[in-house]
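Structure first, commentary second.
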Amino acid sequence: MINQTAVNDSSLDMFRLNIPKAEVFLFGCTLSLLIMLITLGNALVWIVFWRFRNLRNLTNYFVCSLAVADILVPFLRVVYIVISIFKERWIFGLSWCEISSMCGVLLCGSSILHLCAISIERLIAIKWPLSYNTKVTSKRVIIVLSYIWIQSSLLSIIPVLPIDIAQHRFNPDTAECEIDWHEDPKLTLLLIFFYFFVPINIMIIAYATILKEARRNTRRVQTFHLRVNGKSTFSVFKKELKAVKTLAVVIGVFFVMWMPFFVTTTIRAFKPERYVSGWLQRLVMTLAYANSACNFVIYALMNFHYRSAFVKVFAGRTGARWIRSNGILPSQNLKNASRRIEDQSTLKQFNDQAWAS
């Protein structure tokens, strides 16, 4: 917790920025653009989720909860950083500095745990498809989502507990309030362990298992073709495979965006801050916040149902038909063609295309 007794006439100096004048405008404009992209993209995820019934599946409940965490980032973190950049100091006081820092830990941890939960849900869908509906229920999804938010909240309040542990402080190199990582390296390692090391390893194991199972199912479907509830087992498998590929890209982007932050944070915890320059801190912070805008882009580019829903929201049904007729969106007839495939050689060709796409 920030030491209130330290506040005096000279305390305003600790809220002044240490950013070169030449970088202030670029840094502020970059974060302002991120605010718009994050807000618009994640708001659209929620709009299409509630507007189109075909998107209301259990996987997308995790996606929408993740969108909540993402859309809170600009409102609880980035907007105050932008204002501080252009004002050239933190103007929101000690209390909000502490709250803002807590929100950063909460939202970061929540995002990672959401992706971890999604990878486990996809693993169940691929490895145990026949028992999926009994293993993944609405009640269990609600329990998992509640656990994610509760655990993230509990870990975020550790620095404000009345114990001898790291405090929050204003970082003049990034214009944000954060935990004083160097003050308590043990807390830094604790957060990195629970928020990065454990979840990332769970995701890697889950997706490695999914990949192994998908390849095994590919060999099976080439020699044994069933139809369940009027749907080709191959078309169902292909649909699941494309969903896995999309979510794998989401996790890969998350890893690239957040890995530099956790590496530099570890260095700052054990070494003097001169080992991590101010411009590098600003770069890794911007990358971390940019992750909140990436999920929307990935869904729009890679997921057929989301892409179609976004087009319908902006262009209407007539515009969607025109875009589909010009080849920008695949035809629904082509999408359903796999359900009518019975010839074994054609089935293999479609299977190869699924892996190549």
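Read-outs: derived from the displayed coordinates by stated rules, not from any lab. Just so we're clear, the structure is a prediction, and the values are computed from it rather than from any experiment. Every residue, glycine among them, receives a Cβ derived from its backbone with ideal geometry; neighbour counts consider all protein chains shown.
Neighbour counts of other Cβ atoms within 10 Å put D180, D70, D173 in the fewest-to-most order D173, D180, D70. Taken about its Cα centre, region 17-317 carries a charge dipole of about 2120 debye when Lys and Arg each add +1 at the Cβ and Asp and Glu each add -1 at the Cβ.
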